[in-house]
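See structure below.
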């Protein structure tokens, strides 16, 4: 397939806030950047796209002063710069919000937002009232639903992410770099973020917006630059391009094969995923059922997952989506109600009980909850299955190594070998390792919490294939995702979660667009019909 043709963006007489020209960067024998170019204008949102490993993160770290570049030049407002440290970058007005948050969890939201620039008395004491007043005024101005007095460690992940973004927005910013800022946000929270971005760009701030959610590109950006294999693969005016062209630029020669796979697996929009993957006889058999389950976070939850079904949970942040998965997996206790697995009571007092019964969880935060980053791929795959690979208290190293190699091959994990430390893998390959932990033997129920956060478009397609393979084999899959298009693409049925309860369940065939699903999430009470 021929390379995508870049669409020329309209020229502008304005001096770019940032001009990256022919920048290269090498780490040992690896050429991370191969003469990349990027320009960001004042008041512009410029999307930077590419697969994991394309060079986006390397450029961001150069702009933020973490790395220095080898060749080329970088200018800010016409002045050539080469930042020696993050502090120098920050002094020049560059603010970066990474996927990996840098908050002090024991402090309040307000203290985090003002960290290092707190108003103080002549004796050096922090003026707490003035600090909270400043932060509160900022949050109200931008309509951001955060309480400055609340400690960060009590917030859901998405609100921690929003706190990190606010920390950058509150400073004296000329260039704002956002790395996957909506990875755990739902539609309502996304809109709040986009409104905040428009507020800062109206002041002339330039925004570099890194995302794997391509639909966001068309909602928020004016121009797009695509990296592939450390080099420029396309430059587009957003208004003059489309999703197909962006995907072709991102994945390159693999685009035709990936498109054919999508057409094969997706089928007609009204046809459910399970109808494509599992015999109808299995779809009528619940593998997992919850009856009036309640605890500190849930209220009378009722729903069932059938063998071979992909069942989605949709709701706002804090609605109880994640807590349903945690309760099933034994991370949260049950105060009332019952859970059954294959028609038998499930009393999972801890995750080990759930694992023994055939329940697996892919958690929202793979770094904190899903992986041991300093361990090898093999060790991570072995950890949840130690009895399977042990004999007389000793690890059967050969069997564990063979299983790791098989799992890596089945899920197309890209790494030199199974001894590679997980921290050196791309986000997509890390997530595939989390999936691979549960691939043999296959679980009866697979619980997925935000399964494609921070995963590029190519790896996302591979993960979708893993989910469909599990359903085809008879596994019941429960998916929590803030990406409503993802739920529509994967799921047979979708349950709406509000305030710790499931208020309605709809068949996939009833939903035509993500907007309809978003409308259902916002409804205060159950309805019989979708709005037209």
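As a summary of the residue check, residue 471 satisfies the conditions (1) assigned by TED's automatic domain parsing to the domain that holds residue 346; (2) part of a helix (DSSP H, G or I); (3) closer than 30 Å to residue 210 by Cβ except for the one numbered (3). A single member of 325, 313, 290, 298 is out of contact with any helix residue (DSSP H, G or I) (no Cβ under 9 Å at 6 or more places or on another chain) and crowded, with 21+ Cβ neighbours inside 10 Å, and it is 325.
Every residue, every condition in (1) surrounded by 14 or more Cβ atoms within 10 Å (Cβ to Cβ); (2) under 28 Å from residue 341 (Cβ atoms); (3) modelled with pLDDT of 85 or more; (4) in contact with a helix residue (DSSP H, G or I) (Cβ under 7 Å, 6 or more places away or on another chain), yes or no:
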{"site": "368", "(1), (2), (3), (4)": "no, yes, no, no"}
{"site": "371", "(1), (2), (3), (4)": "yes, yes, yes, yes"}
{"site": "389", "(1), (2), (3), (4)": "yes, yes, no, yes"}
{"site": "395", "(1), (2), (3), (4)": "no, no, no, yes"}
{"site": "398", "(1), (2), (3), (4)": "no, no, no, no"}
{"site": "411", "(1), (2), (3), (4)": "yes, yes, no, yes"}
{"site": "418", "(1), (2), (3), (4)": "yes, no, yes, yes"}
{"site": "433", "(1), (2), (3), (4)": "yes, yes, yes, yes"}
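The single condition among (1) in contact with a helix residue (DSSP H, G or I) (Cβ under 7 Å, 6 or more places away or on another chain); (2) surrounded by 19 or more Cβ atoms within 10 Å (Cβ to Cβ) that residue 225 does not meet is (1). For segment 490-507, a tally of residues being touching a helix residue (DSSP H, G or I) at 6+ places or on another chain (Cβ under 7 Å) and over 20 Å from residue 319 (Cα atoms) returns 2.
Listed by position, the helices (runs of 4 or more DSSP H) inside segment 219-315 whose residues that are at pLDDT 85 or above and within 30 Å of residue 510 (Cβ to Cβ) number at least 3 are 243-251.
The single condition among (1) surrounded by 18 or more Cβ atoms within 10 Å (Cβ to Cβ); (2) more than 13 Å from residue 208 (Cα to Cα); (3) modelled with pLDDT of 90 or more that residue 53 does not meet is (3). When each of 15, 30 is tested for being without any contact (Cβ under 8 Å) to a residue 60 or more places away in the chain and not assigned by TED's automatic domain parsing to the domain that holds residue 428, the lone residue that passes is 30. In segment 474-510, what residues are under 22 Å from residue 442 (Cβ atoms) and either more than 20 Å from the chain's Cα centre (by Cα) or in a loop (DSSP other than H, G, I, E, B) (or both)? Once the filter is applied, which keeps residues that are under 22 Å from residue 442 (Cβ atoms) and either more than 20 Å from the chain's Cα centre (by Cα) or in a loop (DSSP other than H, G, I, E, B) (or both), segment 474-510 yields 474, 475, 476, 481, 491, 492, 493. Selection over segment 357-383 of residues that are closer than 20 Å to residue 293 by Cβ and assigned to a helix (DSSP H, G or I) gives a count of 1.
Being on the phi < 0 side of the Ramachandran plot, touching a helix residue (DSSP H, G or I) at 6+ places or on another chain (Cβ under 8 Å) and modelled with pLDDT under 85 is the requirement here; does residue 447 meet it? No.
The values are calculated or read from the model by the stated rules, or taken from the named source; none is laboratory data. Note that the structure is a prediction, hence the values are computed from the model and not measured. In this analysis, Cβ positions are derived from the backbone assuming ideal geometry, glycine residues included, and neighbour counts consider all displayed protein chains.
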